[in-house]
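Everything on this sheet refers to the single structure shown next.
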Amino acid sequence: MYPTTRVTDDVDELAGVTFPDPYRWLEGDGDDVRRWQDAQGEVAASYVRDWPHFDRLRESVARFTVPRIGFSPRTAGGRWFRAAVAEGASQARVIVADEPFGQGRVLFDPVAENPDRPPYVSWISPSPDGSMLAVGVCDDGSERNTIRLIDTETGAPLQEPPRPPLKDNWTAGAHWLPDSTGFFFTGTDDSPTSVAHDVWLHRRVPEPATTLVDGVSWLPEQDYRTVVVSRDGAYAVALQRLLNPVPVAVARLDDPAGLQWRPFVTGVDGTLAGHLVGEEWIAVTDVGAPRGRVVAIALDAEDPDDPTSWREIVPESDTVIRTLTPVGDLLYLSELSDTYARVRVVDGAGAARGQVPLPGRGALAEQPFPLMNLVNGHTEAYLFEFSTLVGSWGAYRHRPGEPELEVLREPEVVIGNTVVEDCWATSEDGTRIPYHVVRLRDVSLNQPRPALMYAYGGFNVPWSPQFPGPITAFVAAGGVYVHCHLRGGAEFGRAWWEGGRLANKQNGYADLYAIAHDLIATRVTSPNLLAVTGGSNGGLMSGVALTQRPRLWAAVVPRVPLLDLVGACRDVYGRYVVELEFADPADPGEVGRMAEFSPYHLVKDGVDYPAVFIDAGDTDPRCPPWHARKFGARLQAATAGEAPILVRVWGDVGHGWATDREVAITQNTEWLAFTMKTLGLAPR
């Protein structure tokens with residue numbers, strides 16, 4: 001059934017520790033690798049498309065493929081800018097209107113730029129006066145994007161800033177100067193797996209020019225960095241670190257071309273994610289408060305690295321403070337309470353000013369990493385998107401002092417006749433682990449049912465109880481969806497992340513197994529009806545679950561996965577990721593520990609592995625497709641069972657952030673069809 005795969009005697013080495021690497025050749029991009037990959041894809045596609053319910057499932061997946069509404073509308077110059085997918089389209093257009101979701105007119109249409117291969121809109125950023133719009137455009141699914149500049153009045157393209165490209169949208173694209181004459185952006189180099197992050201300034205006057213920003217390149221780390229502009233336009237602030245950002249330098253904006261940077265917070269290990277308001281940096285910090293507190297640091301502080309000099313605005317409490325948004329003179333605090341979203345309002349002294357009446361128990365649409373959430377909010381109102389486990393994203397506005405929400409856009413899909421149950425399992429070290437069970441009301445749990453677990457558990461990212469999109473098709477078919485919260489995430493603050501990170505990484509996998517055993521013990525499901533999936537770090541989790549506990553699952557679907565943690569360290573970006581979350585790759589003992597949860601190295605001959613569908617993107621710079629190729633080849637050769645081991649690598653698809661909607665629908669249909677075919681579940 002599978003294409004022939006040759007084996008070599010290659011050996012991998014890290015910190016002096018060696019490992020057999022018989023499929024190293026599948027890391028290449030030559031014709032032999034392409035032929036192998038294409039042949040594997042044909043086998044996988046044939047297997048799932050032979051299922052008689054495939055087309056009906058695709059209709060269901062398309063119905064539930066309701067992305068976040070887009071980039072929350074941004075106002076500038078009295079107008080509103082947004083990106084939105086029109087009915088029947090596969091890519092978002094950029095629209096300017098008089099209201100947040102007004103009909104407006106199209107400023108940028110990907111189809112008009114390239115009808116045969118429309119690019120993906122990665123981010124949008126209007127100039128403060130609304131006269132220009134910067135748009136990040138990706139044309140190969142990889143997230144690497146270049147900038148388009150558009151005249152708002154005419155819709156005509158302006159001369160583009162030159163290279164370098166942006167690595168992704170994680171630094172929010174363009175950060176405009178207050179007079180709209182230019183913007184800062186974070187560029188990278190030509191390598192897809194680079195961690196180069198240099199800050200550039202693009203000016204429009206006296207003529208278009210792009211220059212490297214001096215004074216931030218001295219920062220010692222190769223982590224993400226960006227420069228943002230204070231709300232009043234008086235200062236530029238240099239921020240560094242993706243997972244726990246800090247404001248490392250400040251400069252007045254009197255002369256943007258000659259910024260005089262001075263160090264600000266440079267010796268703090270924790271998070272200081274916030275905004276410059278007046279002469280203070282107001283931020284959420286986990287320094288001295290694992291669940292977060294709000295502090296203010298004066299720009300003229302004698303020692304801004306000294307936490308005892310910070311002014312505490314909101315102390316730590318039982319809830320986890322995630323982000324803050326300044327609105328007028330108030331602060332809107334986004335929080336998590338037993339994994340569910342909450343928003344409270346305080347003034348600059350921390351006095352309570354109310355709570356936002358959210359439309360249910362669910363999740364705010366925040367970006368996963370703290371650095372990504374530092375775009376200045378709207379000055380007069382709090383705009384946000386919200387979803388639940390059974391209702392897609394809606395858009396809302398709350399004005400300070402108002403008792404009710406203003407609904408800007410209703411959720412497109414709400415699944416009726418459903419039940420959401422909040423449950424807890426106990427991990428092997430006694431820690432209580434939350435999870436949510438979603439099912440149709442007529443699917444009673446009087447006997448084991450087909451169940452699909454989804455988790456992430458890493459990088460200080462909360463896997464919030466949000467609308468599961470295409471997975472809703474599994475629920476609509478009568479399956480049970482299990483939304484899991486593992487240590488390594490951020491659902492309960494810094495301690496929850498540290499409890500499943502580095503030396504504690506195995507705890508997160510133990511949490512997953514505890515939830516699975518709880519589901520089996522309570523007869524929600526059984527091992528022959530249980531599937532597990534996840535993407536990125538969740539793809540790694542799925543691979544670990546498959547190799548550490550092969551008898552616990554009927555089907556396993558690692559998506560855009562990292563599966564060879566030793567080999568990952570040969571890529572600059574891969575090593576950066578490993579150092580952040582998994583181990584010190586320069587320490588032999590740490591390398592040995594990491595190999596205990598590196599799926600590629602855990603595959604054993606003669607094991608009856610469950611059904612496996614490995615789903616990856618050919619242009620993925622974060623978890624390159626060779627992880628899927630090598631792991632799939634090793635599993636196919638090792639398994640003693642008859643269950644299929646399938647490898648599906650998609651062309652012009654990356655890590656999922658810039659995937660065409662129609663491609664995403666087909667992609668999700670295939671892995672869901674595989675899962676449902678294995679579990680004996682068909683669309684109703």
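The values are calculated or read from the model by the stated rules, or taken from the named source; none is laboratory data. Keep in mind that what you see is a predicted model, and the values were worked out from it rather than measured. Backbone-built Cβ (ideal geometry, glycine too); neighbour counts: all protein chains shown. We work out accessible area using only protein heavy atoms, side chains counted, and drop any ligands, DNA or RNA first. Shrake-Rupley method; radii C 1.70, N 1.55, O 1.52, S 1.80 Å.
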Within the accessible area of the chain (1.4 Å probe), percent carbon and sulfur: 47
At the level of C-alpha centres, the distance separating region 656-684 and region 122-158, in angstrom, is 32
Binned at 5 Å starting from 0, the alpha-carbon pair-distance distribution of region 311-450 in whole percents comes out as 2, 8, 15, 19, 18, 14, 10, 8, 4, 2, 1, 0
Full-extension gain between E302 and A503, please, as 0.36 nm times their residue separation minus the C-alpha to C-alpha distance. 68.7 nm
In the chain, if the dipole is taken from +1 on Lys/Arg beta carbons and -1 on Asp/Glu beta carbons about the Cα centre, which of G187, Y576, W80 is farthest to the positive end? W80
Viscosity 1.002 mPa s, temperature 20 °C, Stokes-Einstein D of region 51-195 from Kirkwood C-alpha radius, µm²/s: 131
Counting only heavy atoms of the protein chains, get the accessible area per residue of the chain (1.4 Å probe) and round it to a whole Å² value. 37
In whole angstrom, how long is each semi-axis of the equivalent ellipsoid of region 370-484, when you take the square root of 5 times every eigenvalue of its Cα gyration tensor and sort them from largest down? 31, 20, 12
Using the beta-carbon distance between D50 and R105 and R0 = 45 Å, what value does 1/(1 + (r/R0)^6) give for FRET efficiency, to the nearest 0.05? 0.45
Given a Förster distance of 45 Å, report the FRET efficiency between W424 and D254 from their Cβ-Cβ distance, rounded to the nearest 0.05. 0.20
Take the Cα atoms of the chain, build their convex hull, and give its volume per residue in Å³. 151
Region 432-526: Rg/Rh from Cα coordinates, Kirkwood Rh? 1.01
Rg and Dmax of region 1-98, using alpha carbons, in Å: what are they? 23.3, 65
Using the scaling law 2.2 N^0.38 Å as the reference, what is the normalised Cα Rg of region 296-351? 1.27
Filtered pair list for the chain (Lys only, Cα < 27 Å, 8 or more apart or interchain) has a length of 6
